[in-house]
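Participant: Below is one structure. I have some questions about it.
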Amino acid sequence: MYPEILVVPMREELTRLGIQELHTAEEVDRALANQPGTTMVVVNSICGCAAGRMRPAVRVALQHPARPDKIFTVFAGQDTEATERARGYFTGYPPSSPSIALLRDGKLLHMVQRSDIEHREAGDIASELTRMFDKFCAKPAAV
């Protein structure tokens, strides 16, 4: 684990966007277990691909009109218990940091793993996220 003072700016890069941090397994369960609607979980990390690709991509994608109902983050290597519990909801995928998961009603819909992040530009990742939002989060037009 890194000293907390070093990771504060990395945490704030997401919390400034209105993303709620989850620090414990209990907080993760309250946020994710059988919750109605769409929920995005961002597994934050201190690595360069999180700083240069993942967090900027999330920032851009969240400007899109269709968005998840709720958005949370856990910090790998810092909030170990919360991260481990969140990964338990990402069925069929190995642990990956950074990563982004989209769930509906507590069930995994889409996963963006480190391997999908580390060799792509932030704009490309943001485009994938906005396509994911359009597919799973767009609200039906009012009649």
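The values are calculated or read from the model by the stated rules, or taken from the named source; none is laboratory data. Just so we're clear, the structure is a prediction, and the values are computed from it rather than from any experiment. FYI the Cβ positions are ideal-geometry reconstructions off the backbone, even for glycines, and counts take in every protein chain you see.
Participant: Mind counting the residues in the range 87-125 that are of a type in the set (A, V, I, L, M), under 24 Å from residue 31 (Cα atoms) and surrounded by fewer than 21 Cβ atoms within 10 Å (Cβ to Cβ)?
Facilitator: Qualifying residue count for the region: 3.
Participant: Name the residue that is nearest to residue 67 (Cα to Cα), counting only residues in the range 126-143 that are small (Gly, Ala, Ser) and surrounded by fewer than 18 Cβ atoms within 10 Å (Cβ to Cβ).
Facilitator: 138
Participant: Within the range 14-25, track down each residue that is charged (D, E, K, R) and closer than 15 Å to residue 41 by Cα.
Facilitator: 21
Yes/no per residue for (1) within 26 Å of residue 138 (Cβ to Cβ); (2) out of contact with any Cys (no Cβ under 9 Å at 6 or more places or on another chain):
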{"site": "67", "(1), (2)": "yes, no"}
{"site": "71", "(1), (2)": "yes, yes"}
{"site": "79", "(1), (2)": "no, yes"}
{"site": "91", "(1), (2)": "yes, yes"}
{"site": "96", "(1), (2)": "no, yes"}
{"site": "102", "(1), (2)": "yes, no"}
{"site": "114", "(1), (2)": "no, no"}
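Participant: Look at the range 56-113 and say how many of its residues are modelled with pLDDT under 95 and among the β-branched types (Val, Ile, Thr).
Facilitator: Residues meeting the conditions: 1.
Conditions tested, residue by residue: (1) basic (Lys, Arg); (2) over 12 Å from the mean Cα position of the chain (by Cα).
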{"site": "90", "(1), (2)": "no, no"}
{"site": "94", "(1), (2)": "no, yes"}
{"site": "103", "(1), (2)": "no, no"}
{"site": "107", "(1), (2)": "yes, yes"}
{"site": "112", "(1), (2)": "no, no"}
{"site": "123", "(1), (2)": "no, yes"}
{"site": "129", "(1), (2)": "no, no"}
{"site": "132", "(1), (2)": "no, yes"}
{"site": "136", "(1), (2)": "no, yes"}
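Participant: Mind checking which pairs have a first residue in the range 6-26 that is small (Gly, Ala, Ser) and a second that is in a strand (DSSP E or B), Cβ under 9 Å, 6 or more apart or different chains?
Facilitator: 18/71
Participant: Here's another thing I want to ask about it. Looking at the range 92-102, can you tell me whether even one residue there is on the phi > 0 side of the Ramachandran plot and not charged (D, E, K, R)?
Facilitator: yes
Participant: Another question about this same structure. Criterion first (of a type in the set (Gly, Ala, Ser), closer than 22 Å to residue 17 by Cα and either part of a loop (DSSP other than H, G, I, E, B) or out of contact with any strand residue (DSSP E or B) (no Cβ under 8 Å at 6 or more places or on another chain) (or both)) does residue 92 satisfy it?
Facilitator: So residue 92 fails the test.
Participant: Another question, then. Which helices (runs of 4 or more DSSP H) sit wholly inside the range 1-64 and have at least 1 residues that are buried (at least 21 other Cβ atoms within 10 Å of the Cβ), within 11 Å of the chain's Cα centre (by Cα) and hydrophobic (A, V, I, L, M, F, W, C)?
Facilitator: Ranges flagged: 4-15, 55-61.
Participant: Only residues that are over 17 Å from residue 69 (Cβ atoms) and not aliphatic (A, V, I, L, M): list them for the range 28-59, please.
Facilitator: Scanning the range 28-59 gives 29, 44, 45, 47, 48, 49, 52, 53, 55, 56, 59.
Participant: A further question follows. From the residues in the range 65-86 that are crowded, with 18+ Cβ neighbours inside 10 Å and among the aliphatic types (A, V, I, L, M), which one is nearest to residue 19 (Cα to Cα)?
Facilitator: Of everything passing the filter in the range 65-86, 71 is nearest to residue 19 (Cα to Cα).
Participant: Where residues in the range 69-89 are of a type in the set (Asp, Glu) and in a helix (DSSP H, G or I), which of them is nearest to residue 113 (Cα to Cα)?
Facilitator: Across the range 69-89, the extreme among qualifying residues is 84.
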